[in-house]
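Take a look at the structure below.
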Amino acid sequence: MALERLKRAVARSAPLTRLLFGIRVPSDTAQGHWDYSTLVLFDELRRRAKPGHRVLEMGTGETGTLSVALARRVSGAYLALDIAEDAVLSARRVAAENEASVEFLQSDLFAAVPADRAFDITFFNPPYVPRARSIRWRTLGEPARVWDGGEDGLDVIRKFWRAAEPRGAGLGEILMGFNRKSVPEGEVAALARASGFDVTGVRRAFHPGTVFAFRKA
């Protein structure tokens, strides 16, 4: 548990977050600002995002780390969502502090997004830890919603792909970051294919971070 406390302290370190992502964030958040999969996802976003792109983030968290950091580097239309109102309010403050132009909305997945609104990039670093393992994070002050992916770690990912299916190509390129030690890569890919999306790329770095890229088949 001491090691886990150290890891969470590192993930909440405002100076380290500024070094890695180039943004100022509060140091007193309950939620960590990033993890291994966030680092890989940020690297991929910087490679793929182009000026003028319409970008959607699912589950932006208390600091909106990825959307705020990317918006400061690449001009575009950014929309970031989170199911928790407190996370949305906190992320708005972070964006204002960093002079980043990002629209934040409280939303359960796509619920608050008009069906005809289209994006060039959609990205998500979902809760992916099996519930039995995620319980330990709660003892470290992490909100359950951040890590708890259900019994097998795939519940939120399943829900995402069911909601994504009717939106199809309107989501553009979808990037999903996760920890391959927590959920099997093959299962993540299979869920996407079942909803009509093909895997178009995979990146593994910052062991054990993984990012899959998907497009509507």
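Please list, short to long, the whole-number percent of alpha-carbon pairs of the range 155-217 in consecutive 10 angstrom bins beginning at zero.
So the P(r) values, bin by bin, are 23, 57, 19, 1.
Counting Lys and Arg as +1 and Asp and Glu as -1, each charge on the Cβ, what is the dipole of the range 2-216 about the Cα centre in debye, to the nearest 20?
Using only the charged Cβ atoms, the result is roughly 560 debye.
List the residues, sorted by chain then number, that are 5 or more residues from GLY201 or on another chain and whose placed amide H is less than 5 Å from its amide H.
HN-HN under 5 Å from GLY201: ALA213.
Going by C-beta contacts inside 10 Å, put GLU165, GLU142, GLU99 in order with the fewest on the left.
Fewest-to-most ranking of GLU165, GLU142, GLU99: GLU99, GLU165, GLU142.
Report the calculated FRET efficiency for SER101 and ALA217 (r = Cβ-Cβ distance, R0 = 30 Å), to the nearest 0.05.
Calculated transfer efficiency: 0.35.
Can you find, among ALA80, HIS53, GLY168, the residue farthest towards the positive end of the dipole of the range 2-216? Put +1 on the C-beta of Lys and Arg, -1 on that of Asp and Glu.
So the residue furthest toward the plus end is HIS53.
Which number gives the lysine pairs in the chain that have C-alpha atoms under 24 Å apart and are eight or more places apart or on different chains?
Lysine pairs, 8 or more places apart or on different chains, close enough: 4.
Which residues' amide hydrogens lie under 5 Å from the amide hydrogen of PHE119, considering only partners 5 or more residues apart or on another chain, with H built in the peptide plane?
Close amide H contacts, sequence-distant or interchain: LEU171, GLY172.
What order, most packed first, do the peptides 35-41, 154-160 have when packing is the mean number of other Cβ atoms within 10 Å of each residue?
Descending packing order for the listed peptides: 35-41, 154-160.
Can you pull the Kirkwood radius for the chain, inverse mean 1/r over Cα pairs, to one decimal in Å?
17.1 Å
Rule-based calculations on the coordinates, nothing more; no lab input. Since the model is a prediction, treat every value here as computed from it, not as a measurement. Cβ atoms come from the backbone with ideal geometry, glycine included; neighbour counts cover every protein chain shown.
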